Amino acid sequence: MTHVPRKRFGQHFLADPSYVARIVGALGLSRGDHVVEIGPGLAALTRPLSERLDHLHVVEIDRDLAAKLEADYVDGRVVVHRADALEFDFGALPAPLRVVGNLPYNISTPLLFHLAQFAARCRDMHFMLQKEVVDRMVAAPSTPEYGRLSVMLQYRFAMEKLFDVPPGAFRPPPKVQSAVVRMIPRPASELIAADEALLGRIVTAAFTKRRKTLRNALADYFDAAAMERAGIDPGARPENLSPDDYVRLANLARE
């Protein structure tokens with residue numbers, strides 16, 4: 001029976017074998033690696049992953065697709081978790097965990113923030129996402145793409161855009177370009193924010209008013225003199241600050 005892609009799940013299935021091979025090749029797998037695939041769909045990635053691994057976990061929200069995967073892998077090498085990845089406890093899987101997937105574009109940002117909570121247990125993450133989102137994830141300060149997503153993910157991960165993927169590589173083709181990104185958790189010694197929740201609030205406040213100067217955008221947290229003591233120009237705009245700058249501001253707010 002042919003599976004009809006469901007719009008509510010943002011289903012666009014990778015179908016081009018050359019891009020499947022490029023993603024699998026980028027992982028550099030060893031048989032004993034602990035890997036979880038998010039959104040296995042029609043198993044374009046699942047098949048080559050399972051051939052290279054002793055065990056593979058997959059998280060699939062679509063009941064029909066999950067049932068087919070369970071039927072196809074009755075030997076237990078592929079463990080199917082029928083779950084919403086936005087609510088799934090990735091911390092329950094073996095560590096160090098490697099996460100891979102063609103993420104649904106309609107939930108990519110909240111899913112990335114959910115996954116970031118488990119970064120300490122992960123070795124790396126490789127995702128296919130909308131190219132526009134990947135460009136924001138890896139953007140440098142003082143560029144149009146740089147924003148809250150850039151700061152919060154770059155604080156937690158070293159990130160690298162690997163390659164673009166055209167719409168024609170999917171069935172059905174999405175209306176946007178896609179790209180593959182590699183995310184490697186930064187070591188604990190580099191995570192120097194005293195209060196990561198406060199860091200998140202300050203970054204959100206800044207980029208909610210990204211057209212204003214920091215003096216105005218962060219007036220609820222600092223006066224201009226306090227910013228200057230932290231080495232921050234209160235006349236700068238939110239996109240001009242690096243992730244490290246925001247960490248300094250967040251740590252200052254705790255003093």
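The values are calculated or read from the model by the stated rules, or taken from the named source; none is laboratory data. Everything numeric here is computed off the predicted structure, so don't read it as measured data. In this analysis, Cβ positions are derived from the backbone assuming ideal geometry, glycine residues included, and neighbour counts consider all displayed protein chains.
How many of the residues in region 171-191 are at pLDDT 95 or above and surrounded by 13 or more Cβ atoms within 10 Å (Cβ to Cβ)?
11
Of the conditions (1) of a type in the set (S, T, Y); (2) under 27 Å from A206 (Cα atoms); (3) at pLDDT 95 or above, Y105 clears all except one; give me its number.
Looking at each condition in turn, Y105 falls short on (3).
Are there any pairs with C-beta distances below 9 angstrom linking a residue in region 71-91 that is in contact (Cβ under 8 Å) with a residue 60 or more places away in the chain to a residue that is surrounded by 14 or more Cβ atoms within 10 Å (Cβ to Cβ) and in a loop (DSSP other than H, G, I, E, B), with the two at least 6 apart or on different chains, and if so which?
none
Is it the case that some residue within region 112-125 is within 29 Å of G200 (Cβ to Cβ), touching a helix residue (DSSP H, G or I) at 6+ places or on another chain (Cβ under 9 Å), acidic (D, E) and modelled with pLDDT of 95 or more? Let's see the steps before the verdict.
Within region 112-125, the subset within 29 Å of G200 (Cβ to Cβ) is 112-125.
Going one step further and asking which of them are touching a helix residue (DSSP H, G or I) at 6+ places or on another chain (Cβ under 9 Å), we end up with 112-122, 124-125.
Within this subset, residues satisfying the condition of being acidic (D, E) are 124.
Cutting the leftovers down to modelled with pLDDT of 95 or more gives us 124.
The answer is yes; a qualifying residue exists.
β-branched (V, I, T), outside the structural domain of E239 (by TED's automatic domain parsing) and without any contact (Cβ under 8 Å) to a residue 40 or more places away in the chain, is that true of T143? Quick ask: steps written out before the conclusion?
Working: β-branched (V, I, T): yes; outside the structural domain of E239 (by TED's automatic domain parsing): yes; without any contact (Cβ under 8 Å) to a residue 40 or more places away in the chain: no.
Judged against the criteria, T143 is not a match.
Could you check region 208-243 and list, in sequence order, the residues that are crowded, with 17+ Cβ neighbours inside 10 Å and within 18 Å of R156 (Cβ to Cβ)?
L241, P243
What is the residue count in region 199-219 for residues that are in a loop (DSSP other than H, G, I, E, B) and either among the hydroxyl-bearing types (S, T, Y) or out of contact with any helix residue (DSSP H, G or I) (no Cβ under 7 Å at 6 or more places or on another chain) (or both)?
At the first step, the residues of region 199-219 found to be in a loop (DSSP other than H, G, I, E, B) are 209-213, 218-219.
Imposing the further condition that a residue be either among the hydroxyl-bearing types (S, T, Y) or out of contact with any helix residue (DSSP H, G or I) (no Cβ under 7 Å at 6 or more places or on another chain) (or both) reduces the set to 211-213, 219.
So the count comes out to 4.
Only one of P96, P167, P187 is free of Cβ contacts under 8 Å to residues at least 24 places away in the same chain and in contact with a Lys or Arg (Cβ under 8 Å, 6 or more places away or on another chain); which?
Values: P96 fails: free of Cβ contacts under 8 Å to residues at least 24 places away in the same chain; P187 fails: in contact with a Lys or Arg (Cβ under 8 Å, 6 or more places away or on another chain).
Sole residue among the options that is free of Cβ contacts under 8 Å to residues at least 24 places away in the same chain and in contact with a Lys or Arg (Cβ under 8 Å, 6 or more places away or on another chain): P167.
Kindly provide the set of residues from region 132-144 that are closer than 10 Å to V181 by Cβ and outside any loop (DSSP other than H, G, I, E, B), ordered by number. Please lay out each step first, then the result.
Kept after step one, since they are closer than 10 Å to V181 by Cβ, are these residues of region 132-144: 133-135, 137-138.
Passing the criteria: V133, V134, D135, M137.
Restricting to region 138-174, give me the number of residues that are among the polar types (S, T, N, Q) and in contact with a strand residue (DSSP E or B) (Cβ under 7 Å, 6 or more places away or on another chain).
Taking region 138-174 first, the residues among the polar types (S, T, N, Q) are 142-143, 150, 154.
Keeping just the survivors that are in contact with a strand residue (DSSP E or B) (Cβ under 7 Å, 6 or more places away or on another chain) gives none.
Total meeting the criteria: 0.
Residues of region 145-178 being basic (K, R) and either part of a helix (DSSP H, G or I) or in contact with a helix residue (DSSP H, G or I) (Cβ under 9 Å, 6 or more places away or on another chain) (or both), which ones?
We begin by selecting, within region 145-178, every residue basic (K, R); these are 148, 156, 161, 171, 175.
The answer is R148, R156, K161, K175.
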